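Below: one structure, written as structure tokens.
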Amino acid sequence: MQESRASRLPLLLILGACLSIAGFGIDRLCGEWGVGWAGRAFATTADEADQLLKWARPATPSPAVVPPPPTSSPTTAEAAQPSPQDLAQSRRTALVVAAERVAPAVVSIGAERPAYVRYPGLFDDSFFGPPAFYQKIRTKTPYIGSGIAMDKLGHIVTNYHVVEGAERLFVTLADGEQYEAKLVDYDEINDIAFLKIDAKNLRPAPLGDSDKVMLGEWALAIGNPYGGVLDDPSPTITAGVVSARNRYFRAAAGSSSRLYEDMIQTDASVNPGNSGGALANAAGEVIGVNTFIISESGGSIGIGFAIPINKVKRMMTEITRYGRLRRARVDFVPMTITPYIQRQLSLSSSQGVFVYRVEDGGPARDAGIQPGDVITQINGRVPANREEFLVHLFGAPVGAKLKLEVLREGKTFETQYSVQEEPEH
């Protein structure tokens, strides 16, 4: 029996080794028990099984893969909470940056105007006693409007109606510094005035191109009506959009001879004292000078108008080059078309002006205008009378080319009138 076992031991070892190799593959998939099962199945004694297991196991077992510890991730609510830095950055919009660029250039304008105080007579009776008499005094209006610093030389632009009739002017900057101002020149028709102050720290406003204004774009109305009345003399700012362009307003009969052409309309609040202030775009560029509002109550209802900055820039060029605004020369005499003239010329309308006389050697002669002509349009506008025609003519800068439509003996033709400077007397 011992011999029989001894004779079959080599055969069992060979078979056990083969199956152990197969069990080694199973061990990779199913664990160490696979080799143990395969080895023990063909081993006859415990010692043979241990020898088979020892031979089948790998010398260095592969290390176990340990997953990394879980990292703590913020909850959805925590992830949705912006940081203080993010909040500050989100508040700093394009309008905030635009206001920071323009606001330091917007100033407050004050004035001294003459006023008259009535003192009663002895009996204060126009029949029995001497009439009352009046004494002229000066009244100081601390802050009546706003203005815009145009350059570092101290030039300030504002509306003429802000400084009209003033005997003394003073300007308060956004930092509280106050200067006495000199009226350099003004254009009553276009409602523009230029002042000059002796300031060293003036910050001029960035100027845009009003010809490129877009409907619906953001607009900031920046004014400085309070000046030094408040502890903080910085300007006030309201926001809106550009509502319309090329608005046209002419002076009503019997009112001041002012003409507002190509006006920019905005719904940004233009409150009392903001006349002469800046209308700026979202890029921080001045595109207009806030001038007036339409309102029955006197407060802003979102209908404000600004003079386009390109017109102001043309005038500013005159100020810096000549030190004044050059006036247009009129070398012919226009007349309002009366019912008599209308009947004599068989005109179908009284609109336009009748040319009564033309000087020799002037731009009217060069344009082919003759006495007896009727000018029916000037730059596409139909003047209602002589005053309105002259407003258009005097409101044009020197060097401008005005397109005239002329009626002569029943035929209409167009010509160009070159605006020349009025000679000094």
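Each reported figure results from applying straightforward, stated rules to the coordinates on display, with no laboratory input. Just so it is clear, the model here is predicted, and its values are computed rather than measured. So basically every Cβ, Gly included, is an ideal-geometry build from the backbone, and we count neighbours across all protein chains shown.
Things to note:
- Rounded to whole Hz, the Karplus (6.51, -1.76, 1.60) HN-Hα couplings of segment 87-97, x for glycine and proline: 5, 4, 5, 5, 6, 7, 7, 4, 5, 5, 5
- Diffusion constant of segment 316-425 at 25 °C, which comes from Stokes-Einstein with the Kirkwood Cα-pair radius and 0.890 mPa s, µm²/s: 169 µm²/s
- Highest mean packing first, where packing is the average number of other Cβ atoms within 10 Å per residue, the peptides 371-381, 192-202, 100-110 line up as 100-110, 192-202, 371-381.
- Seen from every direction in turn and averaged, the convex hull around the alpha carbons of segment 287-348 projects onto 9.0 nm².
- Note on 173, 207: ascending count of other Cβ atoms within 10 Å places them as 207, 173, the fewest first.
- Descending semi-axes in Å of segment 219-318, equivalent ellipsoid built from Cα gyration tensor: 21, 17, 15
- By the count of neighbouring beta-carbon atoms within 10 Å, fewest first, 210, 83 end up ordered 83, 210.
- Working ranking of peptides 87-93, 325-331, 216-222 by packing, defined as the average number of other Cβ atoms within 10 Å per residue, highest first, is 216-222, 325-331, 87-93.
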